[in-house]
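Read through the structure below, which is laid out as structure tokens, and then see the notes.
The values are calculated or read from the model by the stated rules, or taken from the named source; none is laboratory data. Quick caveat: nothing in here was measured; it's all calculated off a predicted structure. A quick note on method: Cβ atoms are made from the backbone with ideal geometry, for glycine too, and the neighbour counts reach across all protein chains shown. SASA here: full protein model, heavy atoms, side chains in, ligands and nucleic acids out. Shrake-Rupley method; radii C 1.70, N 1.55, O 1.52, S 1.80 Å.
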Amino acid sequence: MAITVRPSIRLLPPPASPGEHSSLHVGEIALLTAALAINWYAAHALPSTIFCWSSLVLFGWLLLLVGRMSAAGLILLLPLVITRGATLLSLMCIEFGAYMPEVNRVGEAGDASASFVAVSAIFFLVYAAVFRMFEGPFLAFVRSPLLDDLVALLAWPVLLVCMAWGAVAFVHGAQDGFPLLQGVDRFLYRRELGSPFVLMLLDQKFLIAAILGSITFAPRQTPMLKAFGTTTLIGLTCLYFLFGDKFFTILTEVTVFIMPLLLRRIGRLRPTILRLLPLAAAVLCGSTAATLYIYSGYGRLPIDRTIASVGERIAGQGELWFVASRDSRRATAWDERLVQRNLAILDDNNPAHSAFVSGVDTFYFIERYAPSRLADSFRRSGGWVQFTMGTEAMALVMFGYVGLAVTMALAGVLIALLSLYLRRAFASGFHISLYFAVWAYLQGYLFVQQAAFWSIAAPGQIKRLLLFATFELVLLALNRGQILSLQNRARAARLRPSPGRTS
């Protein structure tokens, strides 16, 4: 009987060794570091908006370097690249004089953009180095014939569940009214009006996008399955618009969907990206139209006031770093009170609510900077509404620039490990692994976006991560056992004498 062995398949060529990585990139890293330091010093010494543009160029160079260090790492980092790119554009608007109503400040030229790019470089470069170093071990025995058969068997049922979930949510919206069409604030809808079924769909959009992408772009899938997967993603994206989700949320969701495609075509990224441009243009146009409609008071405001409102919202992405880098310029610091408040909420049953009550995470900046009427509005929301992009700002306030650099380096290690977990899950295509990996990735995402230390350090969160790691180790052992067993049987079959042959 013929024995066929399907080995654990790598989606990329084996990563280069650490020594090769050092020889190829250490010089460019040193050159980029020097350029970032000079840009930051010049922006501080001679404030001018020209350094906004030089910071943007250096950010592009940083991304190119990360991509050369690990293309797969850059693909899995895209959600955070999007938010940090948006923050840099926000800081540029602020330095050109945009008004920030949440902190009641008017922007001016300075070193906010330059310092933010320098801080982001620490995060991104540590991330890329760790990801490249451990990508090979994380992909060991990622698949087996049994797991491949199980994934193929579950593809249609899982896709049908996603389609049914979206259809039921659409019926709920058609009956109760969609926030976008009814002119209802999305946070009010989530807090008081939305059904649990719909809210669960909105909260799990990144998981659904990852699963749909894994199904749609898996090799050897039928054209019908691929078509239904893409159509389902498009339909759900339109549904998210109707429920009030905005530009960057939608952009991140679509990015997660196409991650498996980019990972599988790592050697042909340019033609793949060109093929995706029509979809990207459609998402961009739809997101822009929906965003303008929402900020126009759902069609009630004139275009000039709408654009002004959008400009203020854009400024909100970078405002926390702007005020922190202005008001907390210290090389070293240790805010004992803030540290203790962050640690105190870890053992609470609901650390997210405790963070709001205690005034940590980005809620700290509401108490410190928001005008009284706006701060009262934030308090009445019960924690549903908060500032964004607060991790760098909070680390600077608590620890100074040295502590901030350490925090960003540790964040780079953390996100690299979580991205490697997601890398393995995409490579296997196993839906349970994807669920665990996306959940873990989002906890890291929450930490590096919102200064939510509890999301990765609360005992309940740590127990979940350990449970996921145990599950993956058991799956690894099963894959390894089957692959080695099949290889041993194949080896024995080759050594066994053919019928009729005598020794």
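Which of the residues that make up region 349-386 are part of a loop (DSSP other than H, G, I, E, B), open to solvent by less than 30 Å² (accessible area, probe 1.4 Å) and touching a residue at least 24 places away in the same chain (Cβ under 8 Å)? Can you show your working first?
As a first pass, look at region 349-386 and keep what is part of a loop (DSSP other than H, G, I, E, B): 349-350, 359-362, 370-371, 381-386.
With open to solvent by less than 30 Å² (accessible area, probe 1.4 Å) added as a condition, the list becomes 359-362, 370, 381, 383.
If the condition is that a residue be part of a loop (DSSP other than H, G, I, E, B), open to solvent by less than 30 Å² (accessible area, probe 1.4 Å) and touching a residue at least 24 places away in the same chain (Cβ under 8 Å), then V360, D361, T362, A370, S381, G383 are the ones that fit.
Out of contact with any strand residue (DSSP E or B) (no Cβ under 7 Å at 6 or more places or on another chain), within 17 Å of F131 (Cβ to Cβ), assigned to a helix (DSSP H, G or I) and open to solvent by 10 Å² or more (accessible area, probe 1.4 Å) - does that describe any residue in region 391-403?
For region 391-403, residues out of contact with any strand residue (DSSP E or B) (no Cβ under 7 Å at 6 or more places or on another chain), within 17 Å of F131 (Cβ to Cβ), assigned to a helix (DSSP H, G or I) and open to solvent by 10 Å² or more (accessible area, probe 1.4 Å): absent.
Which helices (runs of 4 or more DSSP H) does region 176-236 wholly contain that include 2 or more residues that are polar (S, T, N, Q)?
Correct list: 205-216.
Across region 212-226, which residue is modelled with the lowest pLDDT among those that are open to solvent by 20 Å² or more (accessible area, probe 1.4 Å) and within 21 Å of L263 (Cβ to Cβ)?
Kept after step one, since they are open to solvent by 20 Å² or more (accessible area, probe 1.4 Å), are these residues of region 212-226: 217, 219-224, 226.
Keeping just the survivors that are within 21 Å of L263 (Cβ to Cβ) gives 217, 219-223, 226.
Details: F217: 90, P219: 80, R220: 75, Q221: 78, T222: 84, P223: 86, K226: 89.
Residue satisfying both the conditions and the ranking: R220.
How many residues, within region 138-187, are β-branched (V, I, T) and over 19 Å from G244 (Cβ atoms)?
Here the count works out to 4.
Any residue at all in region 66-84 that is part of a helix (DSSP H, G or I), in contact (Cβ under 8 Å) with a residue 24 or more places away in the chain, open to solvent by less than 50 Å² (accessible area, probe 1.4 Å) and in contact with a Cys (Cβ under 8 Å, 6 or more places away or on another chain)?
Taking every residue of region 66-84 in turn, none turns out to be part of a helix (DSSP H, G or I), in contact (Cβ under 8 Å) with a residue 24 or more places away in the chain, open to solvent by less than 50 Å² (accessible area, probe 1.4 Å) and in contact with a Cys (Cβ under 8 Å, 6 or more places away or on another chain).
Which residue out of M394, M398, M389, M408 is in contact (Cβ under 8 Å) with a residue 12 or more places away in the chain and closer than 25 Å to M69 by Cα?
M408
Would you confirm whether any residue within region 422-433 is outside any helix (DSSP H, G or I), of a type in the set (F, W, Y) and more than 18 Å from the chain's Cα centre (by Cα)?
yes
Taking the residues in region 321-338 that are assigned to a helix (DSSP H, G or I) and open to solvent by 20 Å² or more (accessible area, probe 1.4 Å) as candidates, determine which candidate is farthest from V402 (Cα to Cα).
Step by step, filter region 321-338, then rank; the result is R337.
Quick test for you: out of G177, G194, pick the one residue that is more than 27 Å from the chain's Cα centre (by Cα) and either open to solvent by less than 70 Å² (accessible area, probe 1.4 Å) or within 28 Å of Y435 (Cα to Cα) (or both).
None of the others qualify; the one that does is G177.
Looking at region 133-144, I want the residues that are among the aliphatic types (A, V, I, L, M) and have a partner that is assigned to a helix (DSSP H, G or I) and open to solvent by 20 Å² or more (accessible area, probe 1.4 Å) with Cβ atoms under 7 Å, at least 6 apart or on another chain. Which pairs are those?
The qualifying pairs are M133/P18; L139/R424; V142/R424.
Under the condition of being touching a residue at least 24 places away in the same chain (Cβ under 8 Å) and over 30 Å from T388 (Cβ atoms), which residue from region 248-266 is least open to solvent (accessible area, probe 1.4 Å)?
Taking region 248-266 and keeping what is touching a residue at least 24 places away in the same chain (Cβ under 8 Å), we get 248-264, 266.
Checking which are over 30 Å from T388 (Cβ atoms) leaves us with 264, 266.
Numbers: R264: 66, I266: 33 Å².
Result: I266.
Condition (residue is in a helix (DSSP H, G or I), in contact with a helix residue (DSSP H, G or I) (Cβ under 8 Å, 6 or more places away or on another chain) and under 21 Å from L414 (Cα atoms)) applied to region 43-61: is it met by at least one residue?
No, region 43-61 contains no residue that is in a helix (DSSP H, G or I), in contact with a helix residue (DSSP H, G or I) (Cβ under 8 Å, 6 or more places away or on another chain) and under 21 Å from L414 (Cα atoms).
Could you go through region 31-47 and let me know if any residue there is within 26 Å of T272 (Cβ to Cβ) and either surrounded by 21 or more Cβ atoms within 10 Å (Cβ to Cβ) or of a type in the set (D, E, K, R) (or both). Show your work before the answer.
Of the residues in region 31-47, the ones within 26 Å of T272 (Cβ to Cβ) are none.
Taking every residue of region 31-47 in turn, none turns out to be within 26 Å of T272 (Cβ to Cβ) and either surrounded by 21 or more Cβ atoms within 10 Å (Cβ to Cβ) or of a type in the set (D, E, K, R) (or both).
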